[in-house]
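Peer 1: First, the structure itself, so that you have it in front of you.
The values are calculated or read from the model by the stated rules, or taken from the named source; none is laboratory data. This is a predicted model, so every value here is computed, not measured. Counting neighbours? That spans all protein chains shown, and the Cβs are built from the backbone with ideal geometry, glycine included.
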Amino acid sequence: MSNLEQRIKQKVKEWVADINSAKKLTDYATTLRYPGEENVVTRQEAIEAVDIAIHTSEVVRKALVIDGLI
């Protein structure tokens, strides 16, 4: 494996680890999207979801800037 390939793999690994918490947002998206779901999202869970979304957005934006894509 070339040095460039190793650097890319490491970069992606770090990036994915940094936004891993975004997986929690999937549950909220499906719970709130479909009527009849019995799951209730508490105020604290909503605040946590917004914090996760903001963090994820910041990480992705930073990665895109570093890579010169925006």
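So that you can scan it fast, the table gives a plain yes or no per residue for (1) loosely packed, with under 10 Cβ neighbours inside 10 Å; (2) of a type in the set (D, E, K, R):
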site	(1), (2)
18	no, yes
25	no, no
29	no, no
51	no, yes
54	no, no
60	no, no
68	yes, no
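Peer 1: Name the pairs: first residue in region 2-31 and within 21 Å of residue 57 (Cβ to Cβ) and in contact (Cβ under 8 Å) with a residue 40 or more places away in the chain, second residue polar (S, T, N, Q) and surrounded by 10 or more Cβ atoms within 10 Å (Cβ to Cβ), Cβ to Cβ under 8 Å, at least 6 apart or on different chains?
Peer 2: Listed pairs, sorted by first residue: 19/56.
Peer 1: Identify, by number, the condition in (1) at pLDDT below 85; (2) surrounded by 10 or more Cβ atoms within 10 Å (Cβ to Cβ) that residue 38 doesn't meet.
Peer 2: So residue 38 meets the others, but not (2).
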